[in-house]
1. Quote the charge dipole size of region 124-227 about the Cα centre in Debye, to the nearest 20; the model charges only the Cβ of Lys and Arg (+1) and of Asp and Glu (-1).
2. Please list, short to long, the whole-number percent of alpha-carbon pairs of region 261-412 in consecutive 10 angstrom bins beginning at zero.
3. Would you mind counting up the charge near LEU114? Only other residues with Cβ under 15 Å from its Cβ, with Lys and Arg at +1 and Asp and Glu at -1.
4. Can you tell me which of 245-258, 269-282, 12-25 comes out highest on packing, and rank the rest after it, using the mean Cβ neighbours within 10 Å?
5. Mind giving me the FRET efficiency for LEU369 and LYS121? R0 is 45 Å, r the Cβ-Cβ distance, nearest 0.05 is fine.
6. Of ALA234, ALA72, SER387, which is farthest on the positive side of the dipole of the chain, counting Cα position, with +1 on Lys and Arg Cβ, -1 on Asp and Glu Cβ, and the Cα centre as origin?
7. Where does helix 253-262 land angle-wise versus the long Cα axis of the chain, in degrees 0 to 90, nearest 10?
8. Can you give the angle from 0 to 90° between the axis of helix 30-44 and the longest principal axis of the chain, with both taken from C-alpha atoms, to the nearest 10?
Amino acid sequence: MTIDADFTSPHDSLDVVLISSGEWPSVGSLLFSQLFETARILKQQGHSVRWFAAIPALSWLKRFLQRKSDLAMVRMQCKAAGIPFDSVVVPISLGAPHSLPIRSAALRFAARKLTRIVSGKRGPLVLHARSYDATEIAILTRDHASMTKRSTIASFDMRSWLPPEIPMGHGLLGRLAYGPWKEIEYRLLRNSDTRFLPLDRSRAQYEEETGISVAFAPIQGFDRPEGWSPDFEARWSTRRIGYAGSLGQWNDAHLLIDFFKVFKDFTPLLATHRTPELEAFECHFYGIDKLPEYYDALTAMVIPGLRTSHGYFDTIKMRANFFSTKAAEALSRGVPLIVSNQLAELAAFVRKHDCGVVVDLNAETGLPLHTGNIPADDDKARWKELSDNAARVGATFTRESVMAIYLNEWQHALSRR
């Protein structure tokens, strides 16, 4: 993972539209946290920013029938922050194979609405898309804006490879859709003006296969108050070991428990919903605004991944397409990581920066091995060193640092148009 951006350089004022598509925005969700906070930081830096959301029709209908008002809450929070929020309902969901036949028509419909919103304005325009479908909207809108001579770029924030994830979540239909999605992915990469990925292995493979370069941008964690540093003594006094997020498709609950057994003198504290497998552990739900406090209470954070990979798609997901939002959040708060060696990208990062522990799994049983690289539970000096290293490299994952990378790339892309 390359960490070499200039986090302090000034930037000209930009008109930025943050685009989401195929995902439901609700206050407290990861989508809201990342887009709203990105918009907030841009606005603080003097840029004009708005959020445009193409909302899945089925999600809209479900919440309408349930009389939920979470979309209204998003509008209220955006309005209070001075961030315009616009939306359109489309009959597709992100990555769903059944959406493919109507995908192009639905996204053209969304792009027409966004085009009307941004038309008639002057100055450089950045259309920053958080997903594959959102990037399609950005490219269509950019092409129309370019006809009016407005300097406009489409920015593709990939976050991960989407095509290998589709077979993991949609079975046979997902496998049949893999080829078409790879074609869509290539076209979006080729037609976007700037592209971002938080994964070095994936970036290198794209450039090797297609000649298209993809910029490095870390997953956003949390910001730090000026002068912040982790309170290691307080963390060590409780020796809490954590896990945050859901379990199932990307992380194995039983492997997580096996990791806890390796670090048996630490007390698990989980930021997840209680499941039958986790009955013996303390589990709580934390809203996005409370997660920094959760991480600040931990001595280490576990990212287990899957015990075994059963085919090409989950193997490539674990080895080259997995860094984890929770890993970025933990590092931004100076929490060392405990990760499986099967998570090749994340494990390489931990080894390079000495900001955690890589646990090897037995190739046959998938059980953790008690190797010499695992520090003793009572080795305070070594855990303090890991914490200091996590805090140092974790500065890369703060929102302000990630935003500086985006702004540098946007300015370079605008200068080329």
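Quick note: the coordinates plus some simple rules give every number you see, no bench work behind them. It should be emphasised that the depicted structure is a prediction, and the values quoted were computed from it without experimental measurement. Note: ideal-geometry Cβ built from the backbone for every residue, glycine included; neighbour counts use all protein chains shown.
1. Details: 13 positive and 14 negative charges, 40 e Å.
Once rounded to the nearest 20, the dipole reads 200 debye.
2. Result returned by the calculation: 10, 35, 38, 14, 3, 0.
3. On the way: positive: ARG50, ARG108, ARG112, LYS113, ARG116, LYS121, ARG130, ARG142, ARG150; negative: ASP15, ASP86, ASP133, GLU136, ASP143.
Its environment carries a net charge of +4.
4. Details: 245-258: 16.8, 269-282: 14.6, 12-25: 21.9.
Answer by packing, highest mean first, reads 12-25, 245-258, 269-282.
5. Working: r = 59 Å, r/R0 = 1.31.
For LEU369 and LYS121, the calculated efficiency is 0.15.
6. My answer, from the dipole projection, is ALA72.
7. 40 degrees
8. Orientation of helix 30-44: about 70 degrees from the principal axis.
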